[in-house]
Amino acid sequence: MTTLDSQTKGQIDSILAKVHDGQRISYDEGLLLYQHGDLLDLAEAANARRQQLNPGNLVTYLIDRNINYTNVCVTDCQFCNFYALPGDTEKGYVNSKLILGKKIEEALELGATRILMQGGHNPDLPYDYYLDLVSWIHRTFPAIEINAFSPSEIQFMAEVAGKTWREVLTDLKAAGLMGLPGGGGEILDDEVRKRVTPKKIMTDDWFGVMKVAHELGLVTTNTMVIGFREELRNRLNHLLRLRDEQDDSLKRFNNGFNAFISWTVQIEGTPLGRSRYAAEYGGTSTEYLRHTAISRIFVDNVPHISASWPTQGVKVGQMALHFGCDDFGSTMIEENVVSSAGAPTKASSLMMPNEIQRQIREAGFVPAQRNTHYDVLRVFDAPEADVDLNSMEGISVAAAKQGNWAGLTLIE
Ligand code: SF4
């Protein structure tokens, strides 16, 4: 980092003082902090903001499973290595209820309280498919919370059915949907979206769908992916729009985004990875941590920020807890989208609850299991089992403590 002139340093110090004092900062102040703030000063300020919003030493996590009902998609996002075009019988799939049911049963056996279900924009699926799917899961597995369909999928369904977003969300809620994942957001600034995901939902519509979801009382999150060769102002545009929309939703509906999570784009095997700018996509761990801290400082009205260990690696995930995050995300019993583009989830996707607890504890915090609403279900003040999770014996001990993690053959 270059040495700052005394005027800029004074400005940075006064912005940081505002954060420590619990005040909101402006767009220009956020940009200046992003450009010139010392990384450790940002961490300290982000932790101050975290304490203002979530005082104490608890770090929460969720036991859930990501499930993809189809990978067939017509949207051709430049960063996606997950999808298959319609007619691609080799790679494309639509999972049957039998397979989906087995995945949910496995998740329940592992203690899951939620499934997070997303898929491609598959033109062969009629509108009734989605309603039937949600209703069937809700009836068959009443204990599991169903978070499903990002705003772009909702918009796609609305187009397929000739319905409004409100009609689609009302139908899905009646069928048993509890909330929407914040996926498909990437960077919510059309200047970037038109370049990397031109056929997908644009910023106004992404927030438009979520506004209706807030009005209907659904649970929502916001995700952000950085590293598309965007400028810092594009990132701040996303954060500012999120903060403004959250103010509005809280005021009008007393409901808004529960949490925010960001990560760096993974481009292995994708069109971006084959482009001549490939080396310029993605981001370092330091960039991720800086962005995490700025997000926590700037977006002062979304209560929780999750660390993204599946994309950044567990150790960086631990560090993120010192950059303003108060949540360690979920067990991610299964993840197929970012892992197919090179994220390290494959290596660690079966993170058992007591392993998550250990990572949180190692980072200096007290682990607590939560549900989708961020209600704390159980606090783990002391280690459940002192076991070596790299050995079969240790895994068996841990499994006995946690349920049936060992010995399961997960449906892939
Ligand atoms: S990211 Fe989603 S919408 Fe985009 S191509 Fe992949 S599956 Fe389709």
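Tabulated data for the structure shown
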| item | result |
| --- | --- |
| Condition check for Leu172: in the same structural domain as Val302 (by TED's automatic domain parsing), of a type in the set (A, V, I, L, M), closer than 21 Å to Asn122 by Cβ and away from the ligand (no atom under 14 Å from the Cβ) | yes |
| Yes/no for Lys97 being closer than 26 Å to Ala161 by Cβ, among the charged types (D, E, K, R), over 21 Å from the mean Cα position of the chain (by Cα) and more than 16 Å from the ligand (Cβ to nearest atom) | yes |
| Subset of region 68-85 (residues that are touching a Leu at 6+ places or on another chain (Cβ under 9 Å), at pLDDT 95 or above and either outside any loop (DSSP other than H, G, I, E, B) or not hydrophobic (A, V, I, L, M, F, W, C) (or both)) | Tyr69, Thr70, Val72 |
| Residue within region 105-123 that is over 24 Å from the mean Cα position of the chain (by Cα) and either within 16 Å of the ligand (Cβ to nearest atom) or modelled with pLDDT of 95 or more (or both) present | yes |
| Selection status of Val160, surrounded by fewer than 22 Cβ atoms within 10 Å (Cβ to Cβ) and within 12 Å of the ligand (Cβ to nearest atom) | no |
| Neighbours by Cβ (under 8 Å, 6+ apart or cross-chain): first from region 102-124, over 11 Å from Phe141 (Cβ atoms); second within 16 Å of the ligand (Cβ to nearest atom) and in a helix (DSSP H, G or I) | Gln118/Glu153; Gly119/Glu153; His121/Ser152; His121/Glu153; His121/Phe156; Pro123/Val160 |
| Lone qualifier among Thr60, Thr70 - being of a type in the set (Ser, Thr, Tyr) and over 19 Å from the mean Cα position of the chain (by Cα) | Thr70 |
| Residues of region 142-151 satisfying the condition of being more than 15 Å from the chain's Cα centre (by Cα) and buried (at least 17 other Cβ atoms within 10 Å of the Cβ) | Ile144, Glu145, Ile146 |
| Residues of region 233-290 classified as without any contact (Cβ under 8 Å) to a residue 60 or more places away in the chain and part of a helix (DSSP H, G or I), total | 20 |
| Test: residue in region 133-143 that is more than 30 Å from Arg378 (Cα to Cα), of a type in the set (Val, Ile, Thr) and touching a strand residue (DSSP E or B) at 6+ places or on another chain (Cβ under 7 Å) | no |
| Any hit, region 197-213, residues being in contact with a Cys (Cβ under 9 Å, 6 or more places away or on another chain) and either on the phi > 0 side of the Ramachandran plot or buried (at least 16 other Cβ atoms within 10 Å of the Cβ) (or both) | yes |
| Residue count for region 297-322, restricted to those that are of a type in the set (S, T, N, Q) and in a helix (DSSP H, G or I) | 3 |
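Yes or no, residue by residue, for (1) assigned by TED's automatic domain parsing to the domain that holds Thr372; (2) away from the ligand (no atom under 16 Å from the Cβ); (3) among the acidic types (Asp, Glu):
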| residue | (1), (2), (3) |
| --- | --- |
| Val19 | no, yes, no |
| Gly56 | yes, yes, no |
| Asn71 | yes, no, no |
| Val74 | yes, no, no |
| Cys77 | yes, no, no |
| Cys80 | yes, no, no |
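The values are calculated or read from the model by the stated rules, or taken from the named source; none is laboratory data. Only a predicted model underlies this, so the values are computations on that prediction, with no experimental measurement involved. Glycine also receives a Cβ, built like all others from the backbone with ideal geometry; neighbour counts cover every protein chain displayed.
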